[in-house]
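These notes are about the structure you will find just below.
The values are calculated or read from the model by the stated rules, or taken from the named source; none is laboratory data. Predicted, not measured: the structure shown is a model, and the values here were computed from it. Cβ coordinates were reconstructed from backbone atoms using ideal geometry, including for glycine residues, and neighbour counts include every protein chain displayed.
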RNA sequence: CGGGGCGUGGCGCAGCUUGGUAGCGCGUCUGAUUUGGGAUCAGAAGGUCGCAGGUUCAAUUCCUGUCGCCCCGACCA
């Protein structure tokens, strides 16, 4: 491809809409353009990268036994009603109505659809296992699309669904996918971690997220350097630190705290640290009011709470209701003397003489102690993990890093097949529900994640495996006929050798060409200048290295081949 | 959905407080001189100031509404 013909509008300035580095660089380098919030056009360079990523994914999915299909994006409401997700997925689904007034959704995911297909045509255990996948656009009406390709409303996804006869089969499929995912991210040179994840409200019993490590990640993960345990902070089990911090128990007393509404207020005014306070959150679990208490600086993990309570619906209580029931508004609540169920986080067993609201506006208790002053109905793990927590596997300290979730795999079991009554006959002639798994990769997000990990002040640095072109040939001056002709001949030779090459044949100054080449991140640059060309030499520069090397004109193609294949 | 910010040539922005129909840098086009890290000079094109109302002799500027975009939040009381 010649640069003079290639549509890649580069921008010198950072577009004001872009906040994070991948968004800025993909816009500046002319890879993507936004059309509306959370929906992007992939320009020629961007789409080349997308296709590279897709090819890697496709190869690994096929190698793992997957078969590629293409399902419709438009899905009828009835299908989603069968699993209850028409309402459960709710506002996050783009919905539309046809001329006959029938409701449809734009597919945010395809469990229902694929299950209905398989149910129709798979009747025997002999047809299983079956692994079907597709790569297409997904639609999710996100509350807040953001960060360019990171969280879009329309995005490219690979989704594979496995169907097995039993849990053992599912385990095999799951392991295959886990391995395939590792290969995929390794081939793209991404620094990533596979972490234990929560499967959420509609998951099965096991789930892993594949996290690309990056500052701008939206997810937090904890990991153990000792035993390699890694988990999403929402999933990680929190144990109690076995600390020798027993204190002498002091007398309970009530203090006047006018206008003190937040934990922070108490810290500021009374110099009582977060770790000496507890907070009380009021929830409605299936319409029953309950209180959750945890250390002042901890985050409640609603998924843990919901799982523990086995409740269908869990929402925060509103303040008016809480005032009526408890005699105080938010900010003055505490577990002492409360007459609703109280669930305490495990960590409270390690706290002494702490502070909490007195269930009376503008009053707090100090020197509260578990057991003496109140007895929770249950003491369970309810919080998100933090750095410094102990590894549930080996008890060593956990570290916290941020990551971008680029893949997520789930064991679904019979969740969907049961709801949709998708069954087969086993070897004994017994009817059984299909055992399913689902496995997703955010393709467009992966492109952004790669940029987040590979860039410098001058622009993107693509890994060879997903670079839009392997090489860019830069004649330093198009007016110099020997240089221009030399560049063209090298360009032709590279093309003939099957190398993806871009020739910057624009009549621009060298500086402009170098800046653009760096910005769009082509891994290798061959520069042809008048002086070295006279000596039959060209310059080879690797985008990720600072200096170039002089190479004999005759051996440049072989040299490039070697680098690409290494 | 709550809070904040923004919308002015392709891009980045100024002007608006104190109304008098627009300006800067980059980019684009023409010509000349340049040609190894985003050249220089000369000239030119390009804007119903997001949209709709209102106030006014007069609105980019003030008021109302509306649409769009970005950021923060939506458990941390």
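Miscellaneous remarks
- Residue in the stretch A:184-193 that is touching a strand residue (DSSP E or B) at 6+ places or on another chain (Cβ under 8 Å), in a loop (DSSP other than H, G, I, E, B) and farther than 17 Å from residue A:400 by Cα present: yes
- Considering A:486, A:498, A:511, the condition of being on the phi > 0 side of the Ramachandran plot and either away from RNA strand B (no atom under 14 Å from the Cβ) or in a helix (DSSP H, G or I) (or both) is satisfied by A:498 alone.
- Yes/no for residue A:441 being touching a strand residue (DSSP E or B) at 6+ places or on another chain (Cβ under 6 Å) and either in a loop (DSSP other than H, G, I, E, B) or within 12 Å of RNA strand B (Cβ to nearest atom) (or both): no
- Any hit, the stretch A:272-284, residues being farther than 24 Å from residue A:337 by Cα and either within 13 Å of RNA strand B (Cβ to nearest atom) or within 31 Å of the chain's Cα centre (by Cα) (or both): no
- Scanning the stretch A:141-155 for residues that are in contact with a helix residue (DSSP H, G or I) (Cβ under 6 Å, 6 or more places away or on another chain) and within 12 Å of RNA strand B (Cβ to nearest atom) gives A:141, A:147, A:148, A:149, A:150.
- Sole residue being loosely packed, with under 14 Cβ neighbours inside 10 Å, at pLDDT 85 or above and part of a loop (DSSP other than H, G, I, E, B), chosen from A:247, A:242, A:251: A:251
- Residue list for the stretch A:39-53, filter: within 13 Å of RNA strand B (Cβ to nearest atom) and under 27 Å from residue A:189 (Cβ atoms): A:40
- When residues in the stretch A:445-461 are screened for being part of a loop (DSSP other than H, G, I, E, B) and under 20 Å from the mean Cα position of the chain (by Cα), 1 of them pass.
- Verdict on residue A:272 being buried (at least 17 other Cβ atoms within 10 Å of the Cβ) and over 15 Å from residue A:333 (Cα atoms): yes
- In summary, residue A:534 fulfils each of the numbered conditions (1) in contact with a helix residue (DSSP H, G or I) (Cβ under 9 Å, 6 or more places away or on another chain); (2) loosely packed, with under 14 Cβ neighbours inside 10 Å; (3) under 26 Å from residue A:52 (Cα atoms) with the single exception of condition (3).
- Enumerated strands (runs of 3 or more DSSP E) restricted to the stretch A:308-389, each holding at least 2 residues that are touching a residue at least 40 places away in the same chain (Cβ under 8 Å): A:341-345, A:354-357, A:363-368, A:378-380
- Filtering the stretch A:456-469 to residues that are out of contact with any helix residue (DSSP H, G or I) (no Cβ under 6 Å at 6 or more places or on another chain) and within 14 Å of RNA strand B (Cβ to nearest atom) leaves A:456, A:457, A:461.
- Listed conditions (1) surrounded by 13 or more Cβ atoms within 10 Å (Cβ to Cβ); (2) more than 7 Å from RNA strand B (Cβ to nearest atom); (3) in a helix (DSSP H, G or I) are all met by residue A:506, apart from (3).
- Qualifying residue in the stretch A:124-140 (condition: within 16 Å of RNA strand B (Cβ to nearest atom) and over 19 Å from residue A:412 (Cα atoms)): yes
- Subset of the stretch A:20-38 that is touching a strand residue (DSSP E or B) at 6+ places or on another chain (Cβ under 8 Å) and outside any helix (DSSP H, G or I) - its residue that is farthest from RNA strand B (Cβ to nearest atom): A:31
- Test: residue in the stretch A:393-405 that is outside any loop (DSSP other than H, G, I, E, B), at pLDDT below 95 and over 19 Å from the mean Cα position of the chain (by Cα): yes
- Residue count for the stretch A:470-483, restricted to those that are in contact with a helix residue (DSSP H, G or I) (Cβ under 9 Å, 6 or more places away or on another chain) and away from RNA strand B (no atom under 11 Å from the Cβ): 5
- Flag if residue A:497 is touching a helix residue (DSSP H, G or I) at 6+ places or on another chain (Cβ under 7 Å), surrounded by fewer than 14 Cβ atoms within 10 Å (Cβ to Cβ) and closer than 17 Å to residue A:2 by Cα: yes
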